[in-house]
Structure formats: structure tokens, C-alpha cells
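The values are calculated or read from the model by the stated rules, or taken from the named source; none is laboratory data. Bear in mind that the values here come from a model prediction, so they are computed numbers and not experimental data. Counting neighbours? That spans all protein chains shown, and the Cβs are built from the backbone with ideal geometry, glycine included.
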Amino acid sequence: MPYPDSLKELIKKVEATRPARVEKKKAGGEFPALNLDERKGVLEQFHPDVKEEGRREIKIGPNKGYRICHEMVDLVEARSRVNPDKVDLSKPDYTTDVLIIGGGGAGTSAALLAQEQGAKVIIATKLRHGDANTMMAEGGIQAATKGWKDSPYYHYLDIMGGGHFTNVPELVSTLSKEAPDVIRWLLSLGCNFSKFEDGTLKTMHGGGTSRKRMHFAADITGAEMMRTVRDEARNRIDDISVIEFSPAVELIMNDKGACAGAVLYNMETAEYLVIKAKSVVMATGGSGRLHVQNFMTTNHYGATADGIVMAYRAGVPLCFLHTIQYHPTGVIFPEQAEGILITEKFRGAGANLVNVDGNQFVFEREPRDVEAACIIRECVNVNKGVPTPTGKFGIWLDSPMLDVMFGEGYVKKEFPGKHILFSRFGIDIGVEPMLIYPTLHYQNGGLEFKDDGSTKIPGFYVAGEVGGGIHGENRLMGNSLLDIMVYGRISGKNAAQYAMNGVVDGELTLDHVRKYHQEIDESGIETDRISPMLLPDYTLEHVKAKQYSAEYEGTLR
Amino acid sequence: MCDTATIEKKVPEVAEELVPIYIMGKKYEVPASLTIMKAMEYAGYQYIRGAGCRGGICGACATVYRKPGDYHIRVGLACQTVVEADMYLTQIPFFPANRAVYKWEDVRGEAEEVFAAYPELFRCLACNACTKVCPMDIPVMDYVAAIKQGNLEKAAELSFDCIQCGLCATRCMAEMAQYHIAQMVRRLVGAKIAVPSPHVDKQVAAIKSGHYDEALKEVMALGTMDPFNQDANKENIDKLKELYNKRQGESHATDESWEPDDKYALLEDAR
Ligand SMILES: Cc1cc2nc3c(=O)[nH]c(=O)nc-3n(C[C@H](O)[C@H](O)[C@H](O)COP(=O)(O)OP(=O)(O)OC[C@H]3O[C@@H](n4cnc5c(N)ncnc54)[C@H](O)[C@@H]3O)c2cc1C
Ligand code: SF4
Ligand code: SF4
Ligand code: FES
């Protein structure tokens, strides 16, 4: 959908101020950057993370007193989807060695490694195998594969710096040391990373990297990785079975305190199914679809923090969930592209951010969090946002000024992917600016786990975005595609070895859920909320108002 | 305060044009600017199947539609395609397709292996229905032809953007599942045909031999900062910050020949 006339009118204001802005840039002038105090001020008032009213203390469980976003607390302070007394644990519907919850990159690499140890594996996943955030990653995967200029040592420093030096050192060390082996492994499975003619892998910079170590497969790196490991899992169909559209809703423990399986919910038939397993790997990914503070998101449909909820009920602590990564420039209009990332490279090249009057209000190369906070302030506080036909506000990212500065055709040549995306909607971003707003991108924190993938619960392992600690308070681009492969492989391997060797068999139980319910009641939380969420609810009010007999179980009908 | 919900309330009601669409033959009036996916949600559908990434890359939302008075079959991804007045649409969230199971360790990267796994390749009638139906504009028939000619590299390149939505398989006269074949081909090319990257193996070997352990041990010993007690390990963190700040940065403009002056914790003979 091309820009409607109302927006075309407003674009004239951007065009009116453009010559002066370009002249100023050519003369070396920039919009003044904020000093450290000003940054702090705008962050404290407007960054969704820093804002105190955006969060509250968790009242129950291992992290009682921890302040995180309301949306996450709402899920944690909620009852199970299923009454534990109703579930018949005596006749499991499936038995396996290793159960993997979540069929994204972390879960699938865990499955491959577990199978290689000789284990029988079941992957239970919410949507189709591979419908996951992993599929969506475009940018790349970090690894210090070039020993003449790079090593796990420099990678380690970069990761720590990116995470404000708060990361868990053992997790970071293992991540950086295992990285080249992950690249080797993916290549050996037939993943097509971009290469020079002599076979040297192409690498580029990402935010916060001291060496160019971001490997990529054209601009669909995550998809290429995901479809490669998925295809190999399908080759091992005798040992790896995949159950789709059947998310886990609760972990099952045994009376010895070890994790012993999960309850699945078949979303198509509304049945609950019991899987008995010797060990379990949690790999459910992130939580963008919680739409924290109503933000749009880059994440896939099933990113609803389910793993956090299930494991927390079983007693696994959370960490680093007080920070969430917002990307400052997501598309807010046209609606079809909503939430999609606009690369930082536009701002790096000098494209201004301007408001509804066509005026600059922020330096375009502030750090991500500051940039996002300033955009939000301009829209909700200064009231100079650009109203979109979909009833929201955005800010102009003035891409056409790059063509003015560097010559006609520059935007098309330098940003072919985004140019094509917008041209499908009848918008030429070399001529018309883009409308952007911050978008919810990555769950920095998650479940506490160790660098062998294990947790404080025997038989329970963690891998991927659902885990916390690797990235501390802030993940750098390219390190999560890496972490899902590193810890997917480690968790899969160790979960299998535990299953083949160290298991303590016992009576299956959901007592932890009963106890959790009791804790909710005793803490005085009054709620009929249930969780995990499983899928977001996008049914509109005008429909709901007429669904006189519909029953919603949480967000699901 | 920074809450798009609040923002929405501030906006005057936008009177949006509604258009009729026919979801599986049944008429609904939906806002003209919505994607098919959001239009179906607007109409009251709740997705279980048929939605995945919602960003045009997972292939979960393949949709076919027709317009009155026009015999063409049109296709699109429900998450990327804007509704049009009077479109008759249905999603095809699943279509049976056979995938050959083969032992990855045993394949060598030869076209004959693909032929053996998928003999139906040779039933292709060059009808081009697959290319016409591909929502990613992939020349499906051409990559099938390239495979038949044994040119796996060309097929890998032509099929690279395939999102495995399965639409090509729904239309194939030869009843093959083109995208599974292309997946096998791309993996063969990536692992067995493309030039190897020895620098990766050298680095892996160096790491396994413990080459970087000393350097890593030293930085790890400096520990970490507790976000809720930032002064607890201050001296060490200051040292860590110093190391961080003085690490030499590679500039954006370098090519593959660049090497840092500081050779600490690097590898000789790494290329
Ligand atoms: C648009 C986008 C771009 C990105 N770009 C990059 C990049 O360039 N580089 C980088 O390093 N990182 C990037 N990331 C981040 C990275 O892709 C993810 O963090 C990573 O892929 C997560 O992998 P995962 O396996 O942990 O989770 P996912 O890949 O999300 O997989 C989790 C799976 O679990 C399933 N699931 C969820 N709940 C349940 C349940 N209850 N039961 C069963 N299954 C369940 C989900 O449906 C999903 O299939 C990007 C992310 C997005 C969204
Ligand atoms: S080649 Fe087939 S499966 Fe791949 S995107 Fe095109 S139609 Fe879909
Ligand atoms: S649809 Fe089938 S038969 Fe027709 S050109 Fe494509 S591969 Fe060949
Ligand atoms: S939902 Fe993934 S391509 Fe449309």
C-alpha cells in the first residue's frame, strides 16, 4: 500500500527541510548528541526498560522480589492451564530418552547431538518444526574463525563489553571457545555460508565487535541454518520424532526431584498428552509476542515466554529479565511490514530522524537504547509523531537524503533488500522516507543455567533464547544465533548422557504445580489468569463483543 | 507513558475504507490496508495453523486466491500480501510431500545420488506451473532442470531463497516435491562441492589444543559485575574495562589481508 495522500502531504514537510539538513551535514554539522546526564534523563523517563512503572516485583517463587515487566510477571503469577488432579500420569502417551521442548535452532541442534549419543528423541513444538525466531534472523552469526586477527579472547571481551560486564564468565568463555566449532559443524552439514572464491568465509562487523567475525548466508542466515539442521533431523526420523502444534504446558517431575517429562497440549484437538522422558531440554525461545508495554515485535507468532513459566513453576530461577532489547527502528507503516527491522546502517550512513514538522529532534547515531527513548519521547510527550493511517505514531527516517548526499541510486544500491520490500508496497525509499518506531526484539535474560546446559533440577537442561546470563544485560547482534547452536549442542549431548547413564527413576508427579498454586493463594494474589500463554490473542473487540458463547482459556478460544 | 496503547487512544478514529473479501467462499468486510493474515484475524479467525514468522520467511502462510472474471490462480504469503476487493482466498497450511530419507554420512555430493533419492525428477514436463505459483519468484522449473542436468551448484543458487511453503508441490504435474529436492541439493553443495574453508579447522584445532586457554583464564579471573551491586567487584571490572577499551578495533574499510599490530592471543599460520 503506497503512502496515502495524508502522508504524502506530511512528506512535503520533510522535503522542505531536507536541503538545509543536507547542507549542514556537508559542512560537517550534526544535530547535537546528548551528554551522559541527558542520556540518563531521557532513558529514565522514556526507555521502556528503565521506566519503573513498567515493572513490578514477582510475589512468589525462587525470584520473589525481582522486578521485571508486568507482562512477564502476569504470566508467572498465574495458574496452570491444566488442573494437575485431572492429568493421568500413570499411562504416558509417549516415552522417550530425551524430550526437547521447542523446535527452533536450539532445540533442533540439541536433538541432533542427543541422537548422536544413541538417545531416542522427541521434539515437541508449538507450531511447525522451524517456525521460530531462528528462521527470521537475517544478519549473521559471530565466531572467531580467523586466527590471524581474531580469537575467543577478543570475542570474550566484546561479549562482556556489550553486556555491560554483567555476563556470566563461564557461559561467555564456552560460547566464544565453541564458536568456530559450530561454524565447522554447520558447514559439514551443508549450511551455505557466504565465501570468497578461495574458501575463506566472508565476515563483517556487527555493533560492538572489535574484529569482523559475523558470518552470514546472504541475508537469510538464520533461515539457512534452521533449514539445514531441520533437514538433517528429518534424515534421522527413526530416532528423532517431531510432534507439531503440541506445545508443552507443564513440566513433569518425579518423586526424587528430577525432571521426568512434560504435559503437552494438542492445540488442534484440545487434548492434554503426557510424555515421560529421562531428561528434558527447554528450548522455547523468546517472548516478543508478549508485546511488552504494547510494543510491536520482530518475533515469530509463538514467542510467548512459555519456557520461563514452566521452569519457574518447577523451581528454576530467572536472571537478567529486567532488560529487554528494543530495536529503535522497526517499520510502523505500511502495516504489512509492521515490526520489521530497518538496519542501523541507514543511520550509520547519515539518514536523519525527523518529526511530523520535518524537524530533527535527535542525533541519528545515539546508542540503540537512547535512540529508542528519544523516538518514544518525541511521539508520546512532545506530541510531534507522524500519525499513521493505522492509528499509530511514527518518526520519519529520511532515507532520500542519502541519495541527495551520495548520488541518485545510492539507497537502491546499498540497501537492495529494504528497497525491494518497500517497492512491493509502491514506496521508493530513495524518494520517500520510511516511517519507523522502536520494536521489541530480544529477551536478554531468562532461565539460570550452567555452561554444561544443566540447571539446578537434575535431568533438566536449557538452551537458546530462553536461557539467561550469556549476554548479561545486553546481547550483541550475531551472538544469539551462536548461543543457540553452542548450547543446543551442549545441552543435547549432556541431556542424552544423563538419560543413558545417571537417571534416577521415580514416580511421576505434578506436585510442584499444586504447590505453586498454593503459593499463589497464600501470597494473596487474586487472579484467574492462566499460563503459559501459547499464542497471542489478536481477536478484535468488535468480534469479541459478539462471541456470546465463546470460552477463552487465557488467550486461546 | 511510553505506551503505544496510550498513543492509540490519542488518535482520532480513522475512517478506513472496508473492502469485501471471500475467505474460503464466505464474505467478510475488512479494512483495505490489512494483510490477508490480519484481515482474517479482523474477521474473527484465530490462527493455529497457517501463521509462523509473520515476517515472510517461514513459509507457513501460503495462500491462493482468484478474482472474479479472471481465470488466473494468484498466490501470496498471507503475512505479506495486502487484501484486494473481491478476492476469493484460501490458505494451504499443509500439503503432503514426500521427502527422501538418506544417510548424510554416506552421500558424496553427486547428482546421481539426487536422482536415486528422487527419480520423479525425470517426470518433469516443463509445464512451468511451479514457477508461476512460487510466492518468492523463484524459477522453480529452471532449478529442477539444472538438477536434471547435474548442475547442482546452479540449482542451489536458483533455489536459495526458497521458504519451503510447498505451493510448487501442489501444482506439479510430475507430482514431485521440488523444495525437498532443492534442500538436498543445497546441502550437498554446501558440504561436499563448495571450496572448503581451512581457516576454520585451524582455529578449531588451536582451541582444542588449549592455545587460548591462558589468555581466557586471565580475563575470566576478573569476574563479572553484579547489576544490583555494581561496586562489589569494582577493581577487577575496571581492569576488564581497560582491556576492553584498549583492544584494537578493525576498521570498517579493511579487506581480508588486515592483521592487528597487537598479536596477543592470536594464531600464527592461521590462513
Ligand atoms: C527478526 C529477527 C532477527 C534476528 N537477527 C539475528 C541476527 O542477525 N543474529 C543473531 O545472532 N540473532 C538474531 N536474532 C535472534 C535469534 O534469531 C534468536 O534469538 C534465536 O534464533 C533464538 O533461537 P531459539 O532456538 O532459542 O528460539 P526459537 O528459534 O524462537 O525457537 C523456539 C521454538 O520453540 C517453540 N515453542 C515456544 N513455546 C513452546 C512450547 N510451550 N512448547 C513447545 N514449543 C514451544 C517456538 O514456536 C519455536 O519454534 C534475530 C531475531 C529476530 C526475531
Ligand atoms: S520453490 Fe516452492 S516451496 Fe520454495 S518458495 Fe517457491 S513455491 Fe514455495
Ligand atoms: S510443475 Fe512439476 S512438471 Fe511442471 S515444470 Fe514444475 S517441476 Fe516440472
Ligand atoms: S507467516 Fe511466515 S511466511 Fe508468512
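Any idea how many residues of segment A:515-557 are part of a loop (DSSP other than H, G, I, E, B), among the acidic types (D, E) and either within 14 Å of chain B (Cβ to nearest Cβ) or within 25 Å of the chain's Cα centre (by Cα) (or both)? Working first, answer last.
Taking segment A:515-557 first, the residues part of a loop (DSSP other than H, G, I, E, B) are A:523-529, A:532-540, A:545-552, A:554-555, A:557.
Adding the requirement that they be among the acidic types (D, E) leaves A:526, A:528, A:537, A:551.
Then drop every residue that is not either within 14 Å of chain B (Cβ to nearest Cβ) or within 25 Å of the chain's Cα centre (by Cα) (or both), which leaves A:537, A:551.
Looking only at that region, the number is 2.
Consider B:R74 carefully, then state whether it is more than 16 Å from ligand 3 (Cβ to nearest atom), within 13 Å of another protein chain (Cβ to nearest Cβ) and not hydrophobic (A, V, I, L, M, F, W, C). In short, no. Residue-level analysis places A:G161 outside the set of residues that are facing another protein chain (nearest Cβ under 7 Å), without any contact (Cβ under 8 Å) to a residue 40 or more places away in the chain and either surrounded by fewer than 21 Cβ atoms within 10 Å (Cβ to Cβ) or under 22 Å from B:T254 (Cβ atoms) (or both).
Considering segment B:30-51 alone, what residues qualify as being farther than 14 Å from A:L540 by Cα and either free of Cβ contacts under 8 Å to residues at least 12 places away in the same chain or away from ligand 4 (no atom under 16 Å from the Cβ) (or both)? Give the derivation first.
Residues of segment B:30-51 that are farther than 14 Å from A:L540 by Cα, as a first pass: B:32-33, B:35-36, B:48-51.
Passing the criteria: B:A32, B:S33, B:I48.
Suppose we filter B:I163, B:I193 for residues that are touching a Gly at 6+ places or on another chain (Cβ under 8 Å), within 16 Å of ligand 2 (Cβ to nearest atom), hydrophobic (A, V, I, L, M, F, W, C) and within 11 Å of chain A (Cβ to nearest Cβ); which single one remains? Full working, then the answer.
Details: B:I193 fails: within 16 Å of ligand 2 (Cβ to nearest atom).
Answer to the selection: B:I163.
Assessment of segment B:257-264 against the conditions (surrounded by fewer than 21 Cβ atoms within 10 Å (Cβ to Cβ), in the same structural domain as B:D137 (by TED's automatic domain parsing) and of a type outside the set (S, T, N, Q)) yields no matching residue.
Yes/no matrix, rows are residues, columns are (1) at pLDDT 95 or above; (2) surrounded by 23 or more Cβ atoms within 10 Å (Cβ to Cβ); (3) among the hydroxyl-bearing types (S, T, Y); (4) out of contact with any Ser or Thr (no Cβ under 6 Å at 6 or more places or on another chain):
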position: A:G199; (1), (2), (3), (4): yes, no, no, no
position: A:M204; (1), (2), (3), (4): no, no, no, yes
position: A:T209; (1), (2), (3), (4): no, yes, yes, yes
position: A:H215; (1), (2), (3), (4): yes, yes, no, no
position: A:M225; (1), (2), (3), (4): yes, yes, no, yes
position: A:D231; (1), (2), (3), (4): yes, no, no, yes
position: A:E271; (1), (2), (3), (4): yes, no, no, yes
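In segment A:71-91, the count of residues that are within 14 Å of another protein chain (Cβ to nearest Cβ) and either touching a His at 6+ places or on another chain (Cβ under 8 Å) or surrounded by 21 or more Cβ atoms within 10 Å (Cβ to Cβ) (or both) is one or more. Here B:G210 meets the list (1) more than 16 Å from ligand 2 (Cβ to nearest atom); (2) in a helix (DSSP H, G or I); (3) more than 8 Å from every other protein chain (Cβ to nearest Cβ) almost entirely, failing just condition (2).
Among the helices (runs of 4 or more DSSP H) contained in segment B:117-171, which hold 2 or more residues that are surrounded by fewer than 21 Cβ atoms within 10 Å (Cβ to Cβ) and free of Cβ contacts under 8 Å to residues at least 60 places away in the same chain? Outline the logic, then answer.
Details: elements: B:129-133, B:140-148, B:152-158, B:167-171.
Those helices (runs of 4 or more DSSP H) span B:129-133, B:140-148, B:152-158.
Note on segment B:242-271: residues that are free of Cβ contacts under 8 Å to residues at least 12 places away in the same chain, within 7 Å of another protein chain (Cβ to nearest Cβ) and part of a helix (DSSP H, G or I) amount to 1.
From the list B:A85, B:A60, B:A97, exactly one residue is within 16 Å of ligand 3 (Cβ to nearest atom) and modelled with pLDDT of 95 or more. Which is it?
Numbers: B:A85 fails: within 16 Å of ligand 3 (Cβ to nearest atom); B:A60 fails: within 16 Å of ligand 3 (Cβ to nearest atom).
Testing whether each residue is within 16 Å of ligand 3 (Cβ to nearest atom) and modelled with pLDDT of 95 or more leaves just B:A97.
If the requirement is being farther than 30 Å from B:S257 by Cβ and either under 17 Å from the mean Cα position of the chain (by Cα) or without any contact (Cβ under 8 Å) to a residue 40 or more places away in the chain (or both), which of these qualifies: A:E57, A:E77? Unique residue meeting the criteria: A:E57.
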